[in-house]
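Structure first, then comments.
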Amino acid sequence: MTKAAGESALENTEVHYLYSNYVRDEFRICIAYPLTKVPEGIKPSVIYVLDANTNFGLVSDIARSGEFQGRYAFVVGIGYRANSFPADIFVKRSRDFTPTPSPLFDNLGGAMVGAPHLKISTGGASQFLEFIQKELKPHIEDLFQLQRPDSTLIGMSLGGLFCIWTLLNQPESFQRYLACSPSLWWDNDVIFEYEKKWAKENEDLPARVFIAAGDEERHEKVTSKLELLPAEIKPLLDSFRNADGRHMLAEHVESLIDQLTNRNYKNLHLSGKIFPDETHETVYPSALVRGLGAIFPIIAA
């Protein structure tokens, strides 16, 4: 067997490294171009994907399948230059995807990946969004020679939390949002306070949004699994509960969908699904296939 030097396993992809003055860190940016030439008259979208170190290939393959339906997109994966996996990535995504700081998570979160002495600093979502809006997007739009393209944000778990937080703070940042198993428990359900604040101050929420979770993420199904984790992080697991003492993941998603639906925002196109038999670890592919179809209407049969 001969190694193909410099050849990627994914067609029409490349990797860039971009330093952020807002986050003060370097990001590994993975880019997937459309597999076929974009027809004249069709404006391609840009899909930004969080956790690109693990999710870029899957999202690129699923997004590219849309070319058969007239949906063309560049996929931009936001990842990290990590010295060790998954510890380094865990630290950085915990920093970037969380809207508020959590001293408890900072102190105990490392034990979740078998590295209890990791130094974590949460609450950097604002700086991370500044990086995307003011540094990454201009770089990408110049590279693709696109003028203010339609853009989508996809995130899973804490990345899903960042999606929803962005939607409820700067919804104009993206036209489409896909949040899978978002960590809506963060900081005592603070995301629901953001939602109430937005509703109080605004009459509309213009975006196409899909929110998903697995049915196996319900309280009674995850509690026994969480209790098998190391005893030293039990105080952290307790913080994942709501005021009623329940671990609510799928239930959180249902509550948020209901809350947003009841606002009757004219230009919010919201849909979601709880996928049967899927867990936090398995639901992502199903959510991508269903979610991209929901937030991107079919252009051609």
*What are the residues in the range 250-279 that are hydroxyl-bearing (S, T, Y) and part of a helix (DSSP H, G or I), if any?*
S255, T261
*From L288, L260, L270, which residue is modelled with pLDDT of 95 or more and surrounded by fewer than 21 Cβ atoms within 10 Å (Cβ to Cβ)?*
L270
*Is it the case that some residue within the range 188-206 is at pLDDT 70 or above, surrounded by 15 or more Cβ atoms within 10 Å (Cβ to Cβ), within 17 Å of the chain's Cα centre (by Cα) and not aromatic (F, W, Y)?*
yes
*Could you say which residue among L143, L136, L104 is in contact with a Pro (Cβ under 8 Å, 6 or more places away or on another chain) and among the hydrophobic types (A, V, I, L, M, F, W, C)?*
L104
_Take the conditions assigned to a loop (DSSP other than H, G, I, E, B) and touching a residue at least 60 places away in the same chain (Cβ under 8 Å) and apply them to L108. Does it pass?_
no
*Restricting attention to the range 15-43, which residues are polar (S, T, N, Q) and either surrounded by 12 or more Cβ atoms within 10 Å (Cβ to Cβ) or free of Cβ contacts under 8 Å to residues at least 24 places away in the same chain (or both)?*
S20
*asked:* Among the residues of the range 13-21, are any touching a His at 6+ places or on another chain (Cβ under 9 Å) and in a strand (DSSP E or B)?
replied: yes
*May I ask you to list the residues in the range 114-146 that are at pLDDT 95 or above and aromatic (F, W, Y)?*
F128, F131
*Given L161, L167, L136, which one is among the aliphatic types (A, V, I, L, M), part of a helix (DSSP H, G or I) and farther than 26 Å from P86 by Cα?*
L167
*Taking the range 48-94 as the search range and keeping residues that are among the aliphatic types (A, V, I, L, M) and assigned to a helix (DSSP H, G or I), which one is surrounded by the most Cβ atoms within 10 Å (Cβ to Cβ)?*
V59
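The values are calculated or read from the model by the stated rules, or taken from the named source; none is laboratory data. Worth saying up front: this structure is predicted, and the values here are computed from it rather than measured. Here the Cβ is made from the backbone with ideal geometry for all residues, glycine too, and neighbour counts use every protein chain on show.
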